[in-house]
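Trainee: I have a structure here, written as structure tokens, and I will follow up with some questions on it.
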Amino acid sequence: MDILHVSAECYPVAKAGGLGDVVGALPKYMNELGHTARVVMPMYRTKFLYANDWDVVHKGHTNMGNWWFEFTIIKEKSDKLGFELYLVDVNGLLDREKVYGYNDDTERFTAFQICVLDWLNAWAQKPDILHVHDHHTGLIPFMVRHCLKYRSLAGIKTVLTIHNAQYQGWMPWSRSILIPQWDMWKWGMLDWNNTINPLASAIKCADIVTTVSPSYLAELRYMSNGLEALFEYEKGKCIGILNGIDDKVWDPREDTYLQHHYSIADLEAGKAKNKMLLCDQFSLDFDKPLIGFIGRLVGEKGADLLPQVIGDSFYYIGRRMNFLVLGSGFPEVEAGLNALKPLSQYDYNVFIGYNEGLSHTMYAGLDFLLMPSRVEPCGLNQMYSMRYGTIPMVRRTGGLRDTVIDIGDVNGYGICYNHASVQDITHAVWRAAELYHDKEKMHRIRQHMMKLDFSWETSVKHYIDVYAALVI
Ligand code: ADP
Ligand code: GLC
């Protein structure tokens, strides 16, 4: 089958979170099964862009409302990522340094989607499947069905994967002028609660909708930021497929970001060396268990609870553990975490910012990884941490529920709790501190986790089955 993934992120070209990881890996594994999967994304100003060679494959001009512009599609020459990678260049609009966060994001991603479909219009051999990811590409299923200029694409099947339903790309009806002329009778396919809602539109118009874990799909039917009724109505075409991880990139034996590599055979020594690096860099006490957090400092991830959890843990449990936080996000959360620094007695530190290298050293050097998420569609961090022998401490929600079994249950290896509350998380910290002193048990759990299989090889087959059901 011939599949074109359309996405705002793709690792290592541009990544703001797990969406990038998934789109950077999934197509590679589809190709390994003998299919042809490609990726098209916006051309941002990234290191990857300047460090690689490109061919111009298409030049066009188009319009978005009354704004006419030219665009160029370039292709990475060597297919070094394991798939053909195409970038859409719209001068001044897409070629920015960050992926998101600009006032004109609506215009940027609408223009991106229009360019992709204009380009496809010119293809002699169309793909079998257009696979779109999240709301940034959510207008595509509507546009291929109902925009007059894309009639030649109407036969292509569309699949939407929802990585995060919290953000829906809402735009007021006054912006409908941005969308190429469509059959006006179909306005309802764009609308949700009197607003153009690209995510809702994609749920209505795509042939199949997937979510990145089965439990997340079940949760969306009662908690999806206003789309609950839609998920209930469309449940017949929704399916939950758990993400995998790219275990070739995330491998403690050869991870290029690690100074000290290790395998199951020498995991204790290898993890200790990485922990020592972290303790030196962040003035932490090597002898105490090291509990870390890596991620966006936002409410979804429960990051706002961290300052109080850390303070309460020291107060109620004693200064028996270290905490290290890596992330950026809400300024109040960043300030709360920074404010704890002067109180550290060689047992707390925080790095505000995005740092891929440090995250890898943390997955390797931490003893425990804390994920108190309120919402977690899948979560990749817990799978990375397990691959590196680091015990996840997760709230039972979404993909965390589907991937981590509590140490109190049969064959368990993680620490799980039910509520994203300071009390529940602090209790989990206490359990971690207790577990840490049972060296033999820690070792058994680490070994067990490192053998677990969260690779894409399994998940990718479910996607292929979904496509196959559409392309008969
Ligand atoms: P989400 O996509 O919701 O942020 P995921 O768990 O799916 O959550 O993926 C997060 C990805 O982003 C992981 O690869 C994680 O290591 C990475 N990440 C998040 N924050 C940072 C950061 N501050 N520095 C480095 N990597 C980060
Ligand atoms: C989203 C979700 C995260 C998931 C990732 C990749 O960003 O928040 O839970 O792992 O997408 O699918």
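The values are calculated or read from the model by the stated rules, or taken from the named source; none is laboratory data. Just so it is clear, the structure is predicted and the values come from calculations on it, not from any experiment. Note that each Cβ is placed from the backbone with ideal geometry, even for glycine, and that neighbours are counted across all protein chains shown. Ligands, DNA and RNA are excluded from the accessible area calculation, which covers all protein heavy atoms including side chains. Shrake-Rupley method; radii C 1.70, N 1.55, O 1.52, S 1.80 Å.
Trainee: Got at least one residue in the stretch 321-344 being under 20 Å from M442 (Cβ atoms), open to solvent by less than 30 Å² (accessible area, probe 1.4 Å), out of contact with any Lys or Arg (no Cβ under 7 Å at 6 or more places or on another chain) and assigned to a helix (DSSP H, G or I)?
Mentor: No, the conditions are met nowhere in the stretch 321-344.
Trainee: Output the residues belonging to the stretch 351-363 that are more than 17 Å from the chain's Cα centre (by Cα) and open to solvent by less than 10 Å² (accessible area, probe 1.4 Å).
Mentor: Within the stretch 351-363, just M362 meets the criteria.
Trainee: When you check K80 against the structure, is it among the basic types (K, R), farther than 28 Å from M171 by Cβ and crowded, with 17+ Cβ neighbours inside 10 Å, yes or no?
Mentor: For K80, the condition - among the basic types (K, R), farther than 28 Å from M171 by Cβ and crowded, with 17+ Cβ neighbours inside 10 Å - is not met.
Trainee: Being in contact with a helix residue (DSSP H, G or I) (Cβ under 6 Å, 6 or more places away or on another chain), open to solvent by 70 Å² or more (accessible area, probe 1.4 Å) and among the hydroxyl-bearing types (S, T, Y) narrows it down to one of Y257, Y233, so name that one. Reasoning before the result, please.
Mentor: Working: Y233 fails: in contact with a helix residue (DSSP H, G or I) (Cβ under 6 Å, 6 or more places away or on another chain).
That would be Y257, the only listed residue that is in contact with a helix residue (DSSP H, G or I) (Cβ under 6 Å, 6 or more places away or on another chain), open to solvent by 70 Å² or more (accessible area, probe 1.4 Å) and among the hydroxyl-bearing types (S, T, Y).
Trainee: Right, another one. Residues that are of a type in the set (F, W, Y), at least 2 per element: which helices (runs of 4 or more DSSP H) completely within the stretch 192-260 meet that? It would help to see each step written out before you state the result.
Mentor: Working: elements: 198-205, 214-220, 228-233.
Here the list reads 228-233.
Each row is one residue, and each column tells you yes or no for (1) open to solvent by 10 Å² or more (accessible area, probe 1.4 Å); (2) of a type in the set (G, A, S); (3) modelled with pLDDT of 95 or more; (4) on the phi > 0 side of the Ramachandran plot.
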position: G365; (1), (2), (3), (4): no, yes, yes, no
position: L380; (1), (2), (3), (4): yes, no, yes, no
position: M383; (1), (2), (3), (4): no, no, yes, no
position: R401; (1), (2), (3), (4): yes, no, yes, no
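Trainee: Can G302 be described as within 16 Å of ligand 2 (Cβ to nearest atom) and open to solvent by less than 20 Å² (accessible area, probe 1.4 Å)?
Mentor: yes
Trainee: Inside the stretch 294-320, can you point out the residues that are among the hydrophobic types (A, V, I, L, M, F, W, C), touching a helix residue (DSSP H, G or I) at 6+ places or on another chain (Cβ under 6 Å) and either part of a loop (DSSP other than H, G, I, E, B) or within 16 Å of ligand 1 (Cβ to nearest atom) (or both)?
Mentor: I294, L297, A303
Trainee: Further question on the same structure: Looking only at the stretch 144-170, count every residue that is of a type outside the set (S, T, N, Q), open to solvent by 10 Å² or more (accessible area, probe 1.4 Å), in contact (Cβ under 8 Å) with a residue 60 or more places away in the chain and assigned to a loop (DSSP other than H, G, I, E, B) and tell me the total.
Mentor: Residues meeting the conditions: 2.
Trainee: Checking V375 against (1) among the β-branched types (V, I, T); (2) over 19 Å from M276 (Cα atoms); (3) more than 16 Å from ligand 2 (Cβ to nearest atom), only one condition comes out false. Which one?
Mentor: (3)
Trainee: Please state which one of L324, L297, L284 is within 23 Å of Y167 (Cα to Cα) and in the same structural domain as H419 (by TED's automatic domain parsing).
Mentor: L297
Trainee: Further, regarding this structure: Would you pick out the residues in the stretch 218-230 that are open to solvent by less than 70 Å² (accessible area, probe 1.4 Å) and farther than 21 Å from R145 by Cα?
Mentor: A218, E219, L220, S224, G226, L227, E228, A229, listed by residue number.
Trainee: Just to be sure I understand the filter: pairs with C-beta atoms under 6 Å, separated by 6 or more residues or on different chains, first member in the stretch 372-390 and more than 9 Å from ligand 1 (Cβ to nearest atom), second member part of a loop (DSSP other than H, G, I, E, B). Which pairs pass?
Mentor: Cβ pairs passing all conditions: P372/G302; P372/A420; R374/G302; R374/A420; M386/L452; R387/W250; Y388/P252; T390/L366.
Trainee: Are any of the residues in the stretch 195-217 open to solvent by 10 Å² or more (accessible area, probe 1.4 Å), over 30 Å from I464 (Cβ atoms) and in contact (Cβ under 8 Å) with a residue 12 or more places away in the chain?
Mentor: The answer is yes, given that some residue of the stretch 195-217 is open to solvent by 10 Å² or more (accessible area, probe 1.4 Å), over 30 Å from I464 (Cβ atoms) and in contact (Cβ under 8 Å) with a residue 12 or more places away in the chain.
Trainee: How many residues does the stretch 263-292 hold that are open to solvent by less than 10 Å² (accessible area, probe 1.4 Å), of a type outside the set (A, V, I, L, M) and not in a helix (DSSP H, G or I)?
Mentor: 2
Trainee: OK, next. If you check R45, R38, which single one turns out to be closer than 30 Å to G327 by Cα, open to solvent by 20 Å² or more (accessible area, probe 1.4 Å), more than 16 Å from ligand 2 (Cβ to nearest atom) and not hydroxyl-bearing (S, T, Y)?
Mentor: R45
Trainee: Here are the criteria: (1) buried (at least 22 other Cβ atoms within 10 Å of the Cβ); (2) over 30 Å from T195 (Cβ atoms). Tell me which single one A124 does not satisfy.
Mentor: (1)
Trainee: Kindly provide the set of residues from the stretch 421-463 that are part of a helix (DSSP H, G or I), open to solvent by less than 20 Å² (accessible area, probe 1.4 Å) and closer than 30 Å to K237 by Cβ, ordered by number.
Mentor: Answer for the stretch 421-463, where residues must be part of a helix (DSSP H, G or I), open to solvent by less than 20 Å² (accessible area, probe 1.4 Å) and closer than 30 Å to K237 by Cβ: W456, S459, V460, Y463.
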